[in-house]
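Reviewing the structure listed below.
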Amino acid sequence: MEVNIKNSKICLIHGDITLEETDAIVNAANTSLRGGGGVDGAIHRVGGPSILEECVEKYPNGCKTGEAKITRGGLLQAMWVVHTPGPIWRGGNQNEEELLRSSYRNSFQQAEIVGATSISFPSISTGIYGYPIHKAAPLAIQTIVECLPSYSIREVHFVLFSTRDFQIYTKALTKFL
Ligand code: ADP
């Protein structure tokens, strides 16, 4: 599914983010930036050891929740990987919403700084971190729509791994048609 918003395009893709050919892909990392499970594990596996080496060298203290750090993409098609630890869902009263917004916004900004014009996001925080996807999907799309006018990035992909996630994002994006 694809939606044009002013000069930009938002695409929903049912698939694997490690195969994306956008300039940058986003990694739903943890605060250590030393690899992990889920999409983080997949990105490091496909991208090879140089991504972890760069994380260790450049970001000895990791990354705070809601912030974002960038490395090169190693063996991935994407030139850049933006690593962002999204919030762990703790019931919704621990600033989770604002932290998830920050993860999307800061990732977008990091990609923009290196000159990316296209970026792919996974569904941050909705796997192991337990953020309810029905709440996360509209928030993710809304945050990106709000960012677009101020940046040069013209193409944004949301890459959803499961059919259910893809359907939920499709419903959320339909509201912008
Ligand atoms: P978090 O810890 O932020 O919740 P996870 O990696 O556990 O991160 O999950 C985030 C989302 O990424 C989940 O919806 C999961 O299904 C999805 N995911 C896992 N592997 C991939 C992949 N290769 N490409 C895209 N999405 C993936």
Under a 1.4 Å probe, counting only protein heavy atoms, residue 117 has an accessible area in Å², nearest 10, of 70
Helix-only [θ] at 222 nm, the chain, -39500 (n - 2.57) per DSSP H run of 4+, per residue, nearest 500, equals -11500 deg cm²/dmol
Among segment 126-142, those whose backbone N falls under 15 Å of a label point 7 Å along Cα→Cβ from residue 97 are 132-142
Expressed as a whole-number percentage, the relative contact order of the chain with C-alpha contacts under 8 angstrom and at least six residues apart is 30
Ranking 40, 16 from most to least accessible area with a 1.4 Å probe gives 16, 40
One would report the antiparallel percent of DSSP beta bridges in segment 2-174, rounded to the nearest 5, as 30
Within the under-9-Å Cβ sphere about residue 83, not counting residue 83, Lys/Arg +1 and Asp/Glu -1 give a net charge of 0
Sorted list, accessible surface of protein heavy atoms, 1.4 Å probe, largest first, for 118, 150, 32 is 150, 32, 118
With segment 78-172 reduced to its Cα atoms and the Debye formula applied, log10 I(q)/I(0) at q = 0.24 1/Å amounts to -1.34
Along principal axes, largest first, the alpha-carbon spread of segment 2-174 in whole Å comes out as 41, 36, 30
P(r) of segment 3-50 over all Cα-Cα pairs, 5 Å bins starting at 0, rounded to whole percent, reads 4, 18, 24, 21, 13, 9, 8, 2
A correct Stokes-Einstein calculation for segment 94-144, using the alpha-carbon Kirkwood radius, 37 °C and 0.692 mPa s, returns a whole-number D in µm² s⁻¹ of 285
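The values are calculated or read from the model by the stated rules, or taken from the named source; none is laboratory data. Quantities reported herein were computed from a predicted structural model and do not represent experimental measurements. Virtual Cβ from ideal backbone geometry, glycine too; neighbours counted across all protein chains shown. Note: accessible area is taken over every heavy atom of the protein model, side chains too, but ligands, DNA and RNA are not part of it. Shrake-Rupley method; radii C 1.70, N 1.55, O 1.52, S 1.80 Å.
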